[in-house]
Amino acid sequence: MAALTEPTLSELRADCLLASKLWGRTFSALTAITWREKGEEAVHRLWFQLLTRHQVGHYREGLRKLGIRDDEPPAVAAAKYHYFTNVLGGLDLEYVEESPKKVWIRYLAPMWTYAGVAMMAMPGSLRRTIFSAWHPRNGALIGCPRLGWVSTKFIMEGDPYDEGYFMEYDHDLGPDEIMRYEVASHTPECDRSKLPALDPVQWPEERKLKARRNYSAGYVRTTVEVLYRMFGSAVTHFIVGQTQRCLAIQYTHELANDMGLKCVGDAAGVASLFAGLLKACRQEFETERLSPSKYRIVLSTFKPFDPGAEEELREAWFAFQQMSARLLSPRVAVVRRREGNHEIWEIEDVGHWRW
């Protein structure tokens, strides 16, 4: 694969970081709205199911793609898997090999999933559910019944980071032994010069950027799939609509600023914002200027979902565009309709205050 030119790489960098922010915040917001509307038990169940579902079909192939060799000790392989996948997703981690059979990882602050004060609003015990859904299952996924996980710190309970270690014992572990909690007041220091590194030939910046975008998109898709299984269509569409509406309220101006858009208070500006977000998220679309005050976007894809997604999900997702337009210009109307396999978005300055 030929190396990208710097202008092309710079454009890809901006697109992937923008998409990973949007989809990452969407994923976080879906879980937060579930907590708000359905309660603590529901958000614990959502996290557990989405993480166990996300593992299916990813783990073994992930080991290979990351260059983790079959002959590496199970604790090393498991820790490297979590280190590499999360670093590619945009998280900051530490990795310490205390021995080939005992390997530590730390998920450093600030928290990726719940930025800012959101971390303080979610249930403090949530990280225990999150870690119990993923890390203890590495032994079964990697084919080593002696491998377990020990959690020592949780950021949502006031520790400076999430921390724990993979341990290969000298005997097979039962279901109640694969995860333990341990109070550890002193743990090994990380030498950042010895952190694992991906093969730079296999993992140039272009591939890392695309992986970061895909990381966030994958979690959005899986979360909505689990919501359908947990609550059915009507509740899922309500949660999605609330998520998109609130995301627009909180992030429209920030996303416009990230894109360098200075004038977004008219139909042209709103259309530019929508087009920039669609491009960053690899959607297939065309933008048409129908008049100085009216624009049309013809959208052929609906990533990160399948093209056959329910119409009600598409309508709920469009709540972001509706709220964004209202925030940017109360004179701009935004409507959508379906025409065959396409979505048509029309953005028009109607010439008067709409609200």
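Couple of notes before you dig in:
- The residues of segment 104-214 expose, per residue, 50 Å² of accessible area to a 1.4 Å probe.
- Inter-probe distance in nm under a simple model that places probes 7 Å from Cα toward Cβ, at H253 and K208: 3.3
- For the chain, the equivalent ellipsoid built from the Cα gyration tensor has semi-axes of 40, 23, 18 Å, listed from largest to smallest.
- With an a/c value of 1.5 or above and a/b larger than b/c for the gyration tensor axes a ≥ b ≥ c computed over the alpha-carbon atoms, segment 168-293 is described as prolate.
- Global form of segment 63-122, assessed from the alpha-carbon gyration tensor, a/c cut-off 1.5: prolate
- Each Lys or Arg adds one and each Asp or Glu takes one away; over the other residues whose Cβ falls under 10 Å from the Cβ of G241, this sums to -1.
- Neighbour net charge for R207 - beta-carbon separation under 13 angstrom, K R +1, D E -1: +3
- Probe 1.4 Å - accessible area at S293, Å² to nearest ten: 50
- Sites listed here are trypsin sites (Lys or Arg not before Pro) in segment 58-88 whose DSSP assignment is loop and whose Cβ has at most 12 other Cβ atoms within 10 Å: R69.
- Dipole orientation for the chain: of the candidates I68, A19, P292, P292 has the Cα lying most toward the positive pole (charges on Cβ; Lys, Arg +1; Asp, Glu -1).
- Distance between segment 155-202 and segment 235-278 - C-alpha centres, whole angstrom: 38
- Between amide H atoms placed 1.01 Å from N, distances below 5 Å from G164 occur with I105, T152, all of them 5 or more places distant or on a separate chain.
- K262 paired with H186, simple spin-label distance in nm, labels 7 Å along Cα-to-beta-carbon: 5.8
- For segment 264-355: rounded, prolate or oblate by the Cα gyration tensor [a/c cutoff 1.5]: prolate
- Counting charges near C190 (Lys, Arg +1; Asp, Glu -1) among other residues having Cβ under 12 Å from its Cβ returns a value of -4.
- Share of carbon and sulfur in the accessible heavy-atom surface of the chain [1.4 Å probe, %]: 52
- Whole-Hz Karplus values for segment 259-273 come out as 7, x, 7, 9, 10, 10, x, 9, 4, 5, x, 5, 4, 5, 4 Hz, taken residue by residue from phi with 6.51 cos²θ - 1.76 cosθ + 1.60 and θ = phi - 60°; glycine and proline positions read x.
- Residue-normalised accessible area of segment 239-355, expressed per residue, 1.4 Å probe, Å²: 48
- Accessible area (Å², per residue) of segment 7-87, counting only protein heavy atoms and a probe of 1.4 Å: 42
- Estimated inter-spin distance, W353 and R229, nm [label 7 Å along Cα→Cβ]: 5.0
- The HN-Hα couplings worked out from phi for segment 108-125 by the Karplus form 6.51 cos²θ - 1.76 cosθ + 1.60 (θ = phi - 60°) are 7, 6, x, 5, 6, 5, 10, 6, x, 6, 4, 4, 7, 8, 7, x, x, 7 Hz, whole numbers, x standing for Gly and Pro.
- For segment 18-24, Karplus couplings with θ = phi - 60° (6.51, -1.76, 1.60), whole Hz, Gly/Pro x: 5, 5, 5, 5, 4, 6, x
The values are calculated or read from the model by the stated rules, or taken from the named source; none is laboratory data. Please read these numbers as outputs of a predicted model, since none were measured by experiment. When we count neighbours, we look across all protein chains shown, and the Cβ atoms used for this are built from the backbone with ideal geometry, even at glycine. These area figures cover heavy atoms from the full protein model, side chains too; ligands, DNA and RNA do not enter into them. Shrake-Rupley method; radii C 1.70, N 1.55, O 1.52, S 1.80 Å.
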